[in-house]
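*Asks:* There's a structure below that I have some questions on.
The values are calculated or read from the model by the stated rules, or taken from the named source; none is laboratory data. The model shown is predicted, which means the values in this text are computed figures rather than measured ones. Quick reminder, even Gly has a Cβ in these numbers, built from the backbone with ideal geometry, and neighbours come from all protein chains shown.
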Amino acid sequence: MPIDRRIRTAAALGCWLVAWLAGPAAAHSPIMACYDNGDGSVTCEAGFSDGSSATGAEVTVVTAQQRAIARGNIGADGTFTFPMPDDPDVEIHFVADGAHELTLFGDEIVPFEN
Amino acid sequence: MRNMLTAPLSALSACAFLAAPAAAHFQVLHAGPANIGGGRALDFTLAFAHPFAGDPVMDMGQPQAFYLVRQAGEQEAQRVDLAEYLRPATFRGLQTEAAAFTARLPASLTRGLGDHVFVLEPAPYYEAEEDTYIQQFTKTVLNVGGLPGNWAEPVGLPAEIVPLDRPYGVWAGGIFRGMVMSEGEPVPFAEVEVEYMNHPLDPDGLGWEAGARKLPEHAVMETISARADATGMIAVALPWAGWWGIGALGVGPETEHEGKPLSQDAVLWVEALSQPE
């Protein structure tokens, strides 16, 4: 293969690799929704905007005084369930890794509806 | 000379206008905005109508099937039968009324993040003017919370438009693309019609609000006619915000019902979104 053709081929492969690696990161933001189950518990469901799983990501529920009242991980079904706090003034922190964090507040928990 | 030409042209124009509704039937499957928060009951309107002109509306028979295929991220898709929620109703066009259905779906059905593909398989409708039956397999895709799911997956209808672009994430002025399928196979050069839902629904979902949002200067613009390309792909511009019905006509495998011609159509509803203020 001529040298210039090899260079062009290598450059094309390099560009493809960069595009491939950059792709997932280009549209990847955390998503979480929390629902009052109506039975004294709250279920939060989480994922990423590109459809990738949040399994294993940490969820911490803290009071307004930043006291942790529940902590766990997103399960294989994409959810984490914790007891409904007595005081609704809470923050629900979702941390997938150092770069992806999201906080929902107690008043964003979707009220139970049949 | 000019007057002699004008009269027949006017008559032709009137014929075209009167004929237009017969070619622009759209099965409506509507429950408000496509992007929802979830965890709330959904009120669906199922009506056979002319969403641009407003009239006439046509009687629906008992649907053959009404269901939801929902899926989020990497989870397995789940099919939920919704037939139990169907209720007979009367849908009000601007000047006509027809038998239709409503369905109030409980909040539990929209709790999960992800795509919710609502599917209606209506009974064939007898179009007396053309002595033919029409059956429009219809999909409306709603998304909960922004987590993508199965919007690009076929649900396996005999006649189906499979999106190539998210049907709930197109800017007004953007392009929507899809594949016209018949029993899972692309349909080259399929006949396609596109129509804007030109009338907001009444709050009860059982009729059009009076007063069209926009009126075309020419009747020909009520229904956009097009063809799929050689691969079966369609590309449709959505020039302003709101719901757009895309129909592929006569692409299903069955061509006869009760001894008369049958057109099995595929309908997909796409919502174009305006830029935030």
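*Asks:* Within the range B:210-221, restricting attention to residues that are more than 26 Å from B:A34 (Cβ to Cβ) and surrounded by fewer than 17 Cβ atoms within 10 Å (Cβ to Cβ), which residue is nearest to the chain's Cα centre (by Cα)?
*Replies:* Within the range B:210-221, the first condition is being more than 26 Å from B:A34 (Cβ to Cβ), and the residues that meet it are B:217-220.
Among the residues that remain, those that are also surrounded by fewer than 17 Cβ atoms within 10 Å (Cβ to Cβ) are: B:217-218, B:220.
Working: B:E217: 23, B:H218: 22, B:V220: 19 Å.
This residue is B:V220.
*Asks:* Right, here's the next one. For the range B:222-277, which residues satisfy the criterion of being buried (at least 18 other Cβ atoms within 10 Å of the Cβ) and among the acidic types (D, E)?
*Replies:* Passing the criteria: B:E222, B:D265, B:E271.
Per-residue answers, yes or no, for (1) closer than 20 Å to B:P33 by Cα; (2) under 19 Å from the mean Cα position of the chain (by Cα); (3) surrounded by 14 or more Cβ atoms within 10 Å (Cβ to Cβ); (4) not acidic (D, E):
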residue	(1), (2), (3), (4)
B:F176	yes, yes, yes, yes
B:V180	no, yes, yes, yes
B:P188	no, no, no, yes
B:V192	no, yes, yes, yes
B:Y196	yes, yes, yes, yes
B:P200	yes, yes, yes, yes
B:G205	yes, yes, yes, yes
B:W208	yes, yes, yes, yes
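*Asks:* Which residues, taken from the range B:144-156, are part of a loop (DSSP other than H, G, I, E, B), crowded, with 18+ Cβ neighbours inside 10 Å and in contact with an Asp or Glu (Cβ under 7 Å, 6 or more places away or on another chain)?
*Replies:* Within the range B:144-156, B:P148, B:N150, B:W151 meet the criteria.
*Asks:* Next up: I'd like the residue in the range B:70-118 that is away from every other protein chain (no Cβ under 14 Å), assigned to a strand (DSSP E or B) and among the acidic types (D, E) and, out of all such residues, is nearest to B:A53 (Cα to Cα).
*Replies:* Among those residues, the one meeting the criterion is B:E97.
*Asks:* While we're looking at this one, here's another question. Specify the residue that is modelled with the highest pLDDT; the eligible residues are those in the range B:221-259 that are closer than 19 Å to B:A49 by Cβ and in a loop (DSSP other than H, G, I, E, B).
*Replies:* Restricting to residues being closer than 19 Å to B:A49 by Cβ and in a loop (DSSP other than H, G, I, E, B), the top hit is B:T223.
*Asks:* Then there's this: Would you please name the residue that is nearest to B:Q78 (Cα to Cα), looking only at residues in the range A:51-80 that are surrounded by fewer than 16 Cβ atoms within 10 Å (Cβ to Cβ) and within 14 Å of chain B (Cβ to nearest Cβ)?
*Replies:* Among those that are surrounded by fewer than 16 Cβ atoms within 10 Å (Cβ to Cβ) and within 14 Å of chain B (Cβ to nearest Cβ), it is A:D77.
*Asks:* For the range B:19-29, check the following and say yes or no: at least one residue is surrounded by 14 or more Cβ atoms within 10 Å (Cβ to Cβ), modelled with pLDDT under 95 and part of a strand (DSSP E or B).
*Replies:* no
*Asks:* A further question follows. Just wondering, is there one or more residues in the range B:122-138 that are surrounded by 18 or more Cβ atoms within 10 Å (Cβ to Cβ) and within 14 Å of another protein chain (Cβ to nearest Cβ)?
*Replies:* There is no residue in the range B:122-138 that is surrounded by 18 or more Cβ atoms within 10 Å (Cβ to Cβ) and within 14 Å of another protein chain (Cβ to nearest Cβ).
*Asks:* Against the conditions (1) touching a Leu at 6+ places or on another chain (Cβ under 9 Å); (2) at pLDDT below 95; (3) surrounded by fewer than 19 Cβ atoms within 10 Å (Cβ to Cβ), where does B:G54 fall short? Just the number, please.
*Replies:* Looking at each condition in turn, B:G54 falls short on (3).
A quick yes/no check of all residues on (1) modelled with pLDDT of 95 or more; (2) of a type in the set (F, W, Y):
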| position | (1), (2) |
| --- | --- |
| B:R111 | no, no |
| B:Y126 | yes, yes |
| B:E129 | no, no |
| B:T132 | yes, no |
| B:Q135 | yes, no |
| B:G156 | yes, no |
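*Asks:* Name the residue that is farthest from the chain's Cα centre (by Cα), counting only residues in the range A:76-106 that are among the charged types (D, E, K, R) and over 16 Å from A:G38 (Cα atoms). Explain how you work it out, then say what you get.
*Replies:* First, pick out the residues of the range A:76-106 that are among the charged types (D, E, K, R): A:77, A:86-87, A:89, A:91, A:97, A:101.
Adding the requirement that they be over 16 Å from A:G38 (Cα atoms) leaves A:77, A:89, A:91, A:97, A:101.
On the way: A:D77: 13, A:D89: 22, A:E91: 15, A:D97: 9, A:E101: 7 Å.
Within the range A:76-106, the match that is farthest from the chain's Cα centre (by Cα) is A:D89.
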